[in-house]
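Taking it in order: structure first as structure tokens, then the write-up.
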Amino acid sequence: EGLHVGNLFAFTGNDIYGRFQRLQGHTVFEPFGFDAFGIHSENYAIKVGMHPGELIPRNIDNFRRQVQRSGLMVDWRRELSTTDPSYYKWTQWVFLQLYKQGLAYKKAAAVNWCPFDKTVLANEQVIGGACERCGTLVEQRFLEQWFFRITDYAGRLLANLDGLDWSEATKTAQRNWIGKSEGAQIVFVVQDVMEFAGSATVSAGLSGEVSVTPTEVRVFTTRADTIFGATYLVLSPEHPLVDSITSDEQREEVQQFVAASARQDLVSRKTSKKKSGVFTGAYATNPATGEPIPIWIADYVLMEYGTGAIMAVPGHDERDHEFALAYDLPIVRVIAGEGHATDTPVGDEAFTETVGCRLVNSGRFNGLTVSEGMTAIVTELGAHHAAIPVVNYRLHDWCISRQRYWGPPIPIVYCDMCGPVPVPEDQLPVLLPDLEDFRPDDSGVSPLARATEWYHTTCPVCAGPARRETDVSDTFLDSAWYFLRYPSTDRDDVPFDPAMMKKWLPVHSYIGGNEHAVLHLLYARFVTMVLHDAGFVDFDEPFVRFRAHGMIVRDGAKMSKSKGNVVNPDEYINEWGADAFRTYLMFLGPYEEGGDFQSKGISGVKRFLDRLWRSVTDARTDGEREPEVQRKLHQTIKKVGEDIPRLSYNTAVAAMMEYMNTMRSGERTPHIDEVRPLVQMVSPFAPHIAEELWSVMGNATSVFESGWPAYDPALVVENTVTMAVQVNGKTRGTISAPKTVAEDEAIALAMAVPAIAKFVTGPPKKVIFVPGRMLNMVV
RNA sequence: GCGAGAGUGGCGAAACUGGCAGACGCACCAGACUUAGGAUCUGGCGCCGCAAGGCUUAGGGGUUCGAGUCCCCUCUCUCGCACCA
């Protein structure tokens, strides 16, 4: 509908940085765009009963009006809109580049399905088991979906983070999301059930022969050192081997369990505290001990991580321990800490410590430390082809299919003769057909399937009958490359104009919300890397510098329509003006932390700007210029010039207010030369007023062409300072002294102050003297 | 549970490497000027106390001549992830 103060807070901080860079003499490109594809916009259109194709342009007009009146230094010639065919043509082109690189593929997968929005969601869009958009609990569905192989880039996405000038919290969030974990894949050979039942001896293990049987279970572990304590295996209920290894006696029970867990939605499965499982009737050989161990199925093992199977070490893993207790499975100690003997029972809780611990009950590996044991065991098992070191990532491939209407159609055609065929680039865009009823249904198929004329097409290869892909792509794909397009919006023949690309990219300063830490920013980095590897862009990281701005709350609470505490920027701009509103937003708290919006607070900033106005209109052009005012001016220029680049906008405003107070103290009328630099300093915050005052002062060109005022380092330093004087570490008074005062002079000055001298009861035993700062006498 | 961040006056907040805690602003109090206004200007404003002085940065301990800042413990709040083997 329109702007939220949070948007304006983000934009203003960005704009101040841009305007400051311009004052510094740089050429600044500050573009603006609209990203109105996606479920959010479509749901809103459904809610108000309009077609998004009509509604969105109208709302964009409103947004643009609000942005323009808030005074952003935007180059509107470069405006773009992701819903415009001239833009999504290239979104489809990006898809095709990934397809060509083998990075886009279709597979049937258990996916997150939102029953309200009736679409698939990416893992990143599921928050605590619920749909990020509508809050409905997400279900599991098995559907054919398009994926991007972002996991191929996991290592690089992680490694590159170290070199980026980004907010540390954002980098940490990405690291955690990628979730690198180093361990090993270990092979457990499944024993033939009949054979095992018939023979007591099974030869296997490190010391014997590895039996050759057709079935093996691969597990991922980060604790290969504990393998001697692996007393059972657990498969996820969806594991492909479940059916083939289950014994006849256990079949019914297993099938019931699997069916029950399939019905269960992801949330209750992932959040249920109690672990449940069932025995398959099958056994596998522990490759370290050579002993047979039972294979179980349990809901606490997730198919989507690792191999979907684990070796359970109940002695040293909390979850396995809990499960072993519930089902009476053996618990063995293989790691001993201080005070533990080989046969010390594990006890009520799993022993998960590793530091200073040694292996026990682990054959020839006894006595090794945890990390030594890990390496030695993986090496040894590796020699028997039973283990390999593996790096696992928590990150999943990016599911980009959406069974919805309002998005760019995925440019693929299905031909009975040729199979899936990418739409040739010269036939892009695949236009989104105009559908009267665009609402999604529960079929799992996009509404686009109902656009029969559009749906039936011809194969680009053989010209035979073919059908179009009916899924549209995730809206995060639209925003994963938009910054690359801005400099080239005038080019319809290529996605990127090479010269403009070179001039403006990568993005030097990017400011966004924390909500983008793992979604948008990770996807944008991935797409940039892919386009870089394909030779289209010459950098592989899109954003040189990223800073996350904070959140604006109101009276200590998050703004929401239901609480009725939402700030409508239009109201405040109408009442106070865009400049006061902008400056107040920057003043209310540290930019990277956000702050509390208090309606009354604006008046202070308004007073400051009014005083600036009067300072110009009333300024004198002759008379004295006091050195104190001069010094304060130069100090302020220095401080504001240092604060803005580090986004310390609140202290920059405070510094300018201080200078104003100095300049006008005691009803003093400022000299015009004292006011002029202040107008320049204020201009990034309050561009309209500054521009007008600049003109009133007789300048023919823009204040933003005037350059940032210079300060004289010699004038910044105070030559007389106020020093704190402490006696026994307690401050007892101050002295005024030259900056370069010597210790004995300072003491003499201090002793002349009765309030200080009365605490000095004898000759000082010790004197700490920090020149120009403080004096401490210990008596 | 794990990860990230935060706790400073009545309120929003400053204090960049340990050196006068509370800059700047809101609110409040007193005063000036008033063609009475949501204007402007001056002064005051952490807490206790008449004062001298004492106390004070969530709480407790420590290092130091000196701690909001460094170290250890505890508590509270916000956000993110959540059976990741």
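Count Lys and Arg as plus one, Asp and Glu as minus one, and take only other residues whose Cβ is under 12 Å from that of A:THR375; the net charge is then -4. With +1 assigned to the C-beta of every Lys and Arg and -1 to the C-beta of every Asp and Glu, and no other charges, what is the dipole magnitude of chain A about the Cα centre in debye, to the nearest 20? Once rounded to the nearest 20, the dipole reads 2600 debye. Between A:ASP248 and A:THR669, the modelled labels are 11.0 nm apart [label points 7 Å from Cα along Cα→Cβ].
Reducing region A:392-453 and region A:76-122 to their Cα centroids gives an inter-centroid distance of 9 Å. Taking every alpha-carbon pair within region A:231-389, the share separated by more than 28 Å comes to 26 percent.
In chain A, helical runs assigned H by DSSP with n ≥ 4 each contribute -39500 (n - 2.57); averaged across all residues and rounded to the nearest 500, the mean residue ellipticity at 222 nm is -10500 deg cm²/dmol.
What separates the Cα centres of region A:588-614 and region A:536-550 is a distance of 31 Å. Computed extension length for A:LYS106-A:LYS503: 139.2 nm, one decimal, from 0.36 nm per residue of separation with the Cα-Cα distance subtracted.
Only bridges with both residues in chain A count here: give the DSSP antiparallel percent, nearest 5. DSSP beta bridges in chain A are roughly 80 percent antiparallel. Listed values for region A:89-95 are Karplus-derived 3J(HN,Hα) couplings in whole Hz (6.51 cos²θ - 1.76 cosθ + 1.60, θ = phi - 60°), namely 3, 7, 5, 5, 4, 4, 4, and x replaces Gly and Pro. Taking label points 7 Å from Cα along the Cα-to-Cβ direction, A:ALA748 and A:GLN24 give a separation of 4.7 nm.
Rounded, prolate or oblate: which fits region A:1-137 when a ≥ b ≥ c are the square roots of the eigenvalues of the alpha-carbon gyration tensor, with rounded for a/c under 1.5 and prolate only if a/b beats b/c? It comes out prolate by the Cα gyration axes.
First check a/c for region A:612-689, with a ≥ b ≥ c the square roots of the eigenvalues of its C-alpha gyration tensor; if it is under 1.5, answer rounded, and if not, answer prolate when a/b is larger than b/c or oblate otherwise. Judged from the Cα gyration tensor, region A:612-689 comes out prolate (a/c at least 1.5, a/b above b/c). Relative to its Kirkwood radius, the Cα radius of gyration of region A:665-779 gives an Rg/Rh of 1.28.
Region A:313-333 and region A:483-523 have Cα centres lying 51 Å from one another.
A straight Cα-to-Cα reach below 23 Å connects A:LYS89 with the lysines A:LYS100, A:LYS106, A:LYS502, residues fewer than 8 places away in its own chain not being considered. The fraction of accessible area contributed by carbon and sulfur in region A:277-383 is 51 percent, rounded to a whole number (1.4 Å probe; ligands and nucleic acids excluded).
Here the Karplus curve 6.51 cos²θ - 1.76 cosθ + 1.60, taken at θ = phi - 60°, turns the phi angles of region A:347-356 into couplings of x, 6, 10, 4, 8, 10, 6, 10, 5, x Hz, with x standing for Gly and Pro.
Taking the average, over residues, of other Cβ atoms within 10 Å as the packing measure, peptides A:764-770, A:350-356 rank A:350-356, A:764-770 from highest down. Calculated on C-alpha atoms, the gyration radius of region A:705-765 divided by its Kirkwood radius gives an Rg/Rh of 1.25. In terms of the mean number of neighbouring beta-carbon atoms within 10 Å, the peptides A:341-347, A:457-463 order highest first as A:457-463, A:341-347.
Quarter the surface of the alpha carbon convex hull of region A:327-421 and you get the mean projected area, 13.8 square nanometres. Close amide-amide hydrogen proximity is noted between A:THR457 and A:ALA466, A:ARG467, A:ARG468, each under 5 Å apart and 5 or more residues distant or on a separate chain (H modeled in the peptide plane; Pro and chain starts excluded).
Computed over the alpha-carbon atoms, region A:436-577 gives an Rg to Rh ratio of 1.09, Rh here being the Kirkwood radius from the mean inverse distance. Taking amide hydrogens as placed 1.01 Å from N in the peptide plane, the amide H of A:VAL727 sits under 5 Å from those of A:ARG732, A:MET777, each at least 5 positions away in sequence or on another chain. Evaluated on region A:324-383, the Kirkwood hydrodynamic radius is 12.5 Å, with distances taken between all distinct Cα atoms. For chain A, taking Cα atoms only, Rg and Dmax work out to 34.2, 112 Å respectively. Estimated at 0.36 nm per residue, the fully extended path between A:CYS134 and A:VAL717 surpasses their Cα-Cα distance by 204.1 nm. Converting phi to 3J(HN,Hα) with the Karplus coefficients 6.51, -1.76 and 1.60 and the offset θ = phi - 60°, region A:646-660 yields 9, 6, 8, 5, 5, 6, 5, 5, 4, 5, 5, 5, 4, 5, 4 Hz in sequence order, with x at every glycine or proline. The lysines within cross-link reach of A:LYS739, meaning a Cα-to-Cα straight distance under 24 Å and a gap of 8 or more places when in the same chain, are A:LYS632, A:LYS638, A:LYS639, A:LYS730, A:LYS766. Note on A:HIS340 and A:ASP165: with the Förster distance fixed at 45 Å, the Cβ-Cβ geometry gives a FRET efficiency of about 0.45.
Structural descriptor for region A:34-189: relative contact order 18 percent, calculated from alpha carbon pairs under 8 angstrom and at least 6 residues apart.
The Cβ shell under 13 Å around A:GLN726 holds other residues with a net charge of +4, Lys and Arg each +1, Asp and Glu each -1.
The values are calculated or read from the model by the stated rules, or taken from the named source; none is laboratory data. Every value quoted in this text rests on a predicted model; they were computed, and no experiment measured them. Because the Cβ atoms are built from the backbone with ideal geometry, glycine has one as well, and the counts that use them run over all protein chains shown. Keep in mind that these areas ignore ligands, DNA and RNA; they rest on the heavy atoms of the full protein, side chains included. Shrake-Rupley method; radii C 1.70, N 1.55, O 1.52, S 1.80 Å.
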